[in-house]
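Read through the structure below, which is laid out as structure tokens, and then see the notes.
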Amino acid sequence: PCLLYSLLKEKRQKEAAKQDIRKVRGPDGQPIYLTKENVTKIYGEYEGSKIELFEQLEKSFTKEQRHQMNSAGYAVLSPAQRELIYGPNSPMNDSIALDRMRNVTNDVVHRTVRDTIRFVGAGELRYEVHDGVGKLAPVVSRRQKRQARVLNPLVLQAIVNDPAGASAPLILSPVVLSALINSPAVFGAIVLSPFVFLPLITSPRVLSPIILTPAIGTPIILSPLVLDPFVLSPGVMNPFVLSPFVLTPLILSPQALTPLILSPFVLSPLVGTPNALSPLVLSPFAASPLVYSTPILSALVLSPHFLSPNIHSQGIAFTSVLSPAYLS
């Protein structure tokens, strides 16, 4: 609640702006300079009573308050003046605000003003206007925005152009019928948070491991991955399209219907990760061995590979087409 005349005056100005008072013009297009009389005529007795209220407030100023206004830019209202502004006979009646201000001392007001100026200057507070009413609101820091979502499912939500939101770790928070678009993530670990139909589009991820998180219908499109291991995270229908990945192993994470198309990868072994109906097409890879990861009903098409041996991973109904192996 406002104790200061300057802020009360600002509130009056905001309410006037809300009513588009400054846009009032006569029949010939000339601006009308509003007075108490024509405000009452145009907007009614209620708006006119506000002008009368502030005229009474100005007349009630003491010599000390006028000195405060001239030297500091604000003045602390006396209890009687607060009653005038917020009391039951005022058009701006606010009994809750009035009760809060009854025991507020002048020292508290001055300290609050100084602290507010300091917080605004430090970027911790900002002035917001909603529906013509202004108020101070805390600025949410990047660190606060990145607080982990725990037991907080996402359903039918799109995260668009929001790197901070995409970087918030997900824990025990399933994601269903949502989308991640143009929202890069850093340190956005995902743990025990199953995905169902969550496309990732132009949303690269760095240092964002996926652990114990099954995924269904989660295409990864134009979204490179770096240091994003998949651990104990099986998947179905999760195609990678134009999404290269580096240092992103799949460990004990079986896949089905998960093709890699134009998605080269390096230093990303498959360990204990059998895959079915998951061809690699135009996706060269290097230093990415298959260890106990049998491909089933799959193919390697136009995907040369280097230093990537199959270790106990003999394919079943698997074919290689124009995909030479070097030191593999």
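The values are calculated or read from the model by the stated rules, or taken from the named source; none is laboratory data. Everything quoted here is computed from the prediction, not taken from an experiment. Backbone-built Cβ (ideal geometry, glycine too); neighbour counts: all protein chains shown.
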Open item on the list: For the range 75-127, which positions are more than 20 Å from GLN65 (Cβ to Cβ), of a type in the set (Gly, Ala, Ser) and not in a helix (DSSP H, G or I)?
Closed with: ALA122, GLY123
Task: Yes/no for THR258 being touching a residue at least 12 places away in the same chain (Cβ under 8 Å) and either assigned by TED's automatic domain parsing to the domain that holds ILE190 or not in a loop (DSSP other than H, G, I, E, B) (or both) - done: no
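Table: residues versus (1) at pLDDT below 75; (2) aliphatic (A, V, I, L, M); (3) in contact with a strand residue (DSSP E or B) (Cβ under 8 Å, 6 or more places away or on another chain).
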site: LEU3; (1), (2), (3): yes, yes, yes
site: ILE21; (1), (2), (3): yes, yes, no
site: GLN30; (1), (2), (3): yes, no, no
site: GLU52; (1), (2), (3): no, no, no
site: LEU57; (1), (2), (3): no, yes, no
site: ASN70; (1), (2), (3): no, no, no
site: SER78; (1), (2), (3): no, no, no
site: ARG82; (1), (2), (3): no, no, no
site: TYR86; (1), (2), (3): no, no, no
TODO: Keeping to the range 249-287, report how many residues are touching a His at 6+ places or on another chain (Cβ under 8 Å) and either at pLDDT below 95 or not aliphatic (A, V, I, L, M) (or both).
DONE: 2
- [ ] Could you check, for the range 273-280, whether at least one of its residues is out of contact with any strand residue (DSSP E or B) (no Cβ under 6 Å at 6 or more places or on another chain) and surrounded by fewer than 16 Cβ atoms within 10 Å (Cβ to Cβ)?
- [x] no
TODO: Count, please, the residues in the range 80-92 that happen to be surrounded by fewer than 18 Cβ atoms within 10 Å (Cβ to Cβ) and either more than 42 Å from the chain's Cα centre (by Cα) or hydrophobic (A, V, I, L, M, F, W, C) (or both).
DONE: 3
Task: Residue, nearest to SER263 (Cα to Cα), within the range 198-213, restricted to residues that are β-branched (Val, Ile, Thr) and touching a strand residue (DSSP E or B) at 6+ places or on another chain (Cβ under 6 Å) - done: ILE201
Open item on the list: Suppose the filter is in a helix (DSSP H, G or I) and either at pLDDT below 85 or exposed (fewer than 12 other Cβ atoms within 10 Å of the Cβ) (or both); does TYR46 pass it?
Closed with: yes
Task: Selection count, the range 171-197, where residues are surrounded by 24 or more Cβ atoms within 10 Å (Cβ to Cβ) and aliphatic (A, V, I, L, M) - done: 4
Task: Residues located in the range 303-328, provided they are assigned to a loop (DSSP other than H, G, I, E, B) and surrounded by fewer than 15 Cβ atoms within 10 Å (Cβ to Cβ) - done: PRO309, HIS312, GLN314, LEU322, PRO324, LEU327
TODO: Sort out which residues of the range 142-157 are modelled with pLDDT under 75 and loosely packed, with under 12 Cβ neighbours inside 10 Å, and write them in order of number.
DONE: ARG142, ARG143, GLN144
Task: Members of the range 214-232 found to be under 21 Å from ALA164 (Cβ atoms) and part of a loop (DSSP other than H, G, I, E, B), listed by number - done: LEU222, SER223, PRO224, LEU227, ASP228
Task: Some residue of the range 193-209 being of a type in the set (Phe, Trp, Tyr), closer than 20 Å to LEU156 by Cβ and more than 19 Å from the chain's Cα centre (by Cα) - done: yes
